[in-house]
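Visitor: Got a structure for you, questions after.
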Amino acid sequence: MAVAASILYAQKPMDDRYPQIRAVIREAELAAKDVPILPDKSRPLLWAGNLYARAGYLDDADRTYATTTVPAIYRQVFPCRSE
């Protein structure tokens, strides 16, 4: 058990698992910052937050959710730090 734990601690954590995907989501987030709701009633920033969360970028998801109106279910899963 101690050997397995020492191997896990010796490994360097991955800083950015999907750098290209993160850049694309960020670009889409910036392009959609002035579009609160689309004609089909979807929220582009909410989509960006969901994509960040699925890719494991929880800080980015939290930041994105903090800038948009988020349904209560998302606030339970990713509570915004600014509240």
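Visitor: Sorted by packing (mean other beta-carbon atoms within 10 Å per residue), highest first, where do 15-27, 38-50, 55-67 land?
Guide: In descending order of packing, they fall as 55-67, 38-50, 15-27.
Visitor: To the nearest 20 Debye, how big is the dipole of segment 16-77 about its Cα centre, given +1 on the beta carbon of each Lys and Arg and -1 on that of each Asp and Glu? Could you put the intermediate results ahead of the total?
Guide: Numbers: 9 positive and 8 negative charges, 28 e Å.
Around 140 debye, computed over segment 16-77.
Visitor: Okay, next question. Take the alpha-carbon positions of segment 16-77, form their convex hull, and give its projected area averaged over all directions (one quarter of the hull surface) in nm².
Guide: On the way: hull surface 16.5 nm².
Mean projected area of the Cα convex hull: 4.1 nm².
Only the coordinates and a few stated rules stand behind these numbers; no lab work does. Values in this document were obtained by computation on a predicted structure and should not be read as measured data. Please note: Cβ atoms are built from the backbone with ideal geometry, for glycine as well, and neighbour counts cover all protein chains shown.
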